[in-house]
Ligand SMILES: Cc1cc2nc3c(=O)[nH]c(=O)nc-3n(C[C@H](O)[C@H](O)[C@H](O)COP(=O)(O)O)c2cc1C
């Protein structure tokens, strides 16, 4: 049909029309002046491809592997809370879509559906994202995730304090949807809710997770551990030395701390710092297949999408998320062909131009 969405931005425009204003703002906004959110896009636009022609495009491999999990393309579903805001089937719909696209989903602590419901519906690999809310809650979640068949724990580290977004403050937005993972616990909302909502989350109840907690956390399960939100080489070195299996370089979509560099700008120093000792992934700002190829050419193994999940859900539910993933697959293939590349896991050096003024000052 002529009006079918043909790229992620078409889904974005449709979702904006379909969602209530306050829900749209909650999903779309970044922290404070939203500079980091914008910079995530700007940085990808500043990277340019160096195409290579007159090569065969017949054999092209875009499969990837994340901690031993084979996925059909180097894109995964980021952990993001309350998918129920965009579709009544919530994360169950997202998990089915990810499974249909043969890729991996990270499920958020603050999901609408419970981790058991998602595990039941999923056909692809699942990792569990953990917000540390004190030791007993983390222990309860990690043990349940392992029992339900999740394959890794993704500890989000970039939220030491809550960061209500100004658009949400203006809208007096309250995330009232059920938090499925805490169903039946009778815990007050302030102890279990997310980090970026209003009215303010009571931070006094738990200290933010610290390096000294990692050993304890690892002892809770046999699952590998990925740290989400590491942004600088100094922390990446500590992480690598502590033996974690992966780092997800992320700005949290610019939703927590404003005025940092974009994720893709931070990747080179982090790849350098870990020196091959763990896997590195990226999220924040991925909207095109060419963004994926650019990120991969800097050395990450796979990239995640956050806001586009809600665009797909709000527009067409499971089908919408699946189509978004498939649009990106198609675009990755095209970018690979134009760049004369045959394997995303083995991209040729010199595939992109990096602006001279990139990197920490
Ligand atoms: C509505 C929304 C909720 C989110 N919730 C979480 C969360 O609960 N835990 C987490 O680690 N990241 C969360 N994120 C951040 C995503 O995992 C991811 O880092 C970010 O969305 C990637 O940027 P992008 O939206 O530009 O793709 C959330 C993002 C959005 C948009």
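Just so it is clear, none of the values below were taken in a lab; they were calculated from the coordinates. What you are looking at is a predicted structure, and each value in this text was computed from that prediction instead of being measured. Cβ: placed from backbone, ideal geometry, glycine included. Neighbour counts: every protein chain shown.
Peptides 123-129, 140-146, 58-64 ordered by packing proxy, namely the average of other Cβ atoms within 10 Å per residue, highest first: 123-129, 140-146, 58-64. Summing -39500 (n - 2.57) over the DSSP H runs of n ≥ 4 in the chain and dividing by its residue number, what mean residue ellipticity at 222 nm do you reach, to the nearest 500 deg cm²/dmol? For the chain, the value works out to -11500 deg cm²/dmol. Here the chain yields Rg over Rh of 0.94, to two decimals, using C-alpha coordinates and the Kirkwood radius. Rounded to the nearest 10 degrees, the angle from helix 263-274 to the longest Cα principal axis of the chain is 90 degrees.
Kirkwood Rh over Cα pairs of the range 68-226 into Stokes-Einstein at 25 °C, 0.890 mPa s: D in µm²/s? Reported coefficient: 152 µm²/s. Cα gyration tensor of the range 1-52, axes a ≥ b ≥ c as square roots of the eigenvalues: rounded (a/c below 1.5), prolate (a/b > b/c) or oblate? Oblate shape, in that a/c is at least 1.5 and b/c is the bigger or equal ratio. Exposure proxy ranking for 87, 252, 132, 21, based on other Cβ atoms within 10 angstrom of each Cβ and starting from the fewest, stands as 21, 132, 87, 252.
In what order do 278, 113 fall by count of nearby beta-carbon atoms within 10 Å, going from fewest to most? In order of increasing Cβ crowding within 10 Å: 278, 113.
Take the convex hull of the alpha carbons in the range 199-346; its mean projected area over all directions comes to 11.4 nm². Note on the range 227-279 and the range 1-29: Cα centroid distance 30 Å, given to the nearest whole angstrom. With 10 Å bins beginning at zero, the pair-distance distribution over Cα atoms of the range 9-148 amounts to 10, 28, 34, 21, 6, 1 %.
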